[in-house]
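Okay, structure first, notes after.
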Amino acid sequence: MTLPRFDRILLKLSGEVLMGPGQFGIDPATCDRVAREVKAARDEGHELCLVVGGGNIFRGLAGAAQGFDRASADYMGMLATVMNALAVQNALERIGVETRVQSAIPMASVCEPYIRRRAVRHMEKGRVVIFAAGTGSPFFTTDTTAALRAAEMGCSALFKGTSVDGVYDADPKKVPDAKRYDTLSFGRVLADDLKVMDASAVALCRDNDIPIVVFNIRDEGNLAAVLRGEGTATVVQNQTNA
């Protein structure tokens, strides 16, 4: 797939990616592999920022379904994303990548507060910025956070790292002959409810003309390969014929 050059990207990772082969928590070896993916992309001249989910530790919606107050459950999920962000920061800095964690919930002893201009300056200096604690408000997903931060940072694309190599018309793990899309329009994703990201995140990317690139983060070297136009991915963008 031929992609335009994306100089500044936001990488969205689900918390489940960091579990590795486990069923819960953070797998250090998986964090190290993800860090190598990010470093390879940065070494090719891209400016990067990240948003990491917290579902490997605590998911707000699941907590609310079990009886927690929804707002409290969402705040607990935000704190889980801070733990994941610190784990990824640690893995990146062990391989020589300067990294800053910025939290939407101020916690000065642990990380920086989210300040847009400071985050942009960090990236201009070659640092990787990890945005933690979602938007800082309940009832918003980390998908929406990723779209919001991508717009605020002036990113040219939002890359969503998943366990599959793009968007399919059915679950490829359950339907062997499911069709993978090379490109899709934002309108098609919303109309067909294709579950690329939640609807508010897709609409935010559509309105700010930020392509969403869905790829498999579990394949070693795949982020850099997709950025070079050599990997397999689905691109969701504003277009009239998808």
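The values are calculated or read from the model by the stated rules, or taken from the named source; none is laboratory data. No experiment lies behind these values; they were computed from the predicted model shown. All Cβ positions, even for glycine, are placed from backbone atoms using ideal geometry, and neighbour counts span all protein chains on display.
Can you tell me which residue within region 1-17, out of those that are more than 23 Å from E124 (Cβ to Cβ) and within 12 Å of the chain's Cα centre (by Cα), is surrounded by the most Cβ atoms within 10 Å (Cβ to Cβ)?
First, pick out the residues of region 1-17 that are more than 23 Å from E124 (Cβ to Cβ): 1-2, 14-17.
Cutting the leftovers down to within 12 Å of the chain's Cα centre (by Cα) gives us 14-17.
Details: S14: 21, G15: 22, E16: 17, V17: 24.
Among those residues, the one meeting the criterion is V17.
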- Message: Consider region 74-87. How many of its residues are surrounded by 21 or more Cβ atoms within 10 Å (Cβ to Cβ) and either touching a strand residue (DSSP E or B) at 6+ places or on another chain (Cβ under 6 Å) or without any contact (Cβ under 8 Å) to a residue 24 or more places away in the chain (or both)?
- Response: 4
- Task: May I ask you to list the residues in region 105-123 that are surrounded by fewer than 20 Cβ atoms within 10 Å (Cβ to Cβ) and either modelled with pLDDT under 95 or part of a loop (DSSP other than H, G, I, E, B) (or both)?
- Result: I105, P106, M107, A108, S109, V110, I115
- Please work out which one of (1) assigned to a loop (DSSP other than H, G, I, E, B); (2) surrounded by fewer than 20 Cβ atoms within 10 Å (Cβ to Cβ) is the condition G134 fails and give its number. (2)
- Note on the structure: Pairs returned, first residue in region 95-115 that is closer than 18 Å to K125 by Cβ, second residue that is of a type in the set (G, A, S) and exposed (fewer than 14 other Cβ atoms within 10 Å of the Cβ), beta-carbon separation under 7 angstrom, 6 or more apart or interchain, are E98/G126
- Message: Could you list, ordered by first residue, the pairs with Cβ atoms under 6 Å in which the first is in region 147-169 and under 20 Å from R118 (Cβ atoms) and the second is surrounded by fewer than 17 Cβ atoms within 10 Å (Cβ to Cβ) and not hydroxyl-bearing (S, T, Y), at least 6 apart or interchain?
- Response: A151/N208; E152/R116
- Is it the case that region 36-44 has a residue that's at pLDDT below 95, part of a loop (DSSP other than H, G, I, E, B), surrounded by fewer than 21 Cβ atoms within 10 Å (Cβ to Cβ) and touching a helix residue (DSSP H, G or I) at 6+ places or on another chain (Cβ under 9 Å)? yes
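Residue by residue through region 189-242, note down the ones that are of a type in the set (G, A, S), part of a loop (DSSP other than H, G, I, E, B) and touching a strand residue (DSSP E or B) at 6+ places or on another chain (Cβ under 7 Å).
Going residue by residue through region 189-242, those that are of a type in the set (G, A, S) are 191, 199-201, 203, 221, 224-225, 229, 231, 233, 242.
With part of a loop (DSSP other than H, G, I, E, B) added as a condition, the list becomes 221, 229, 231, 242.
G231, A242, listed by residue number.
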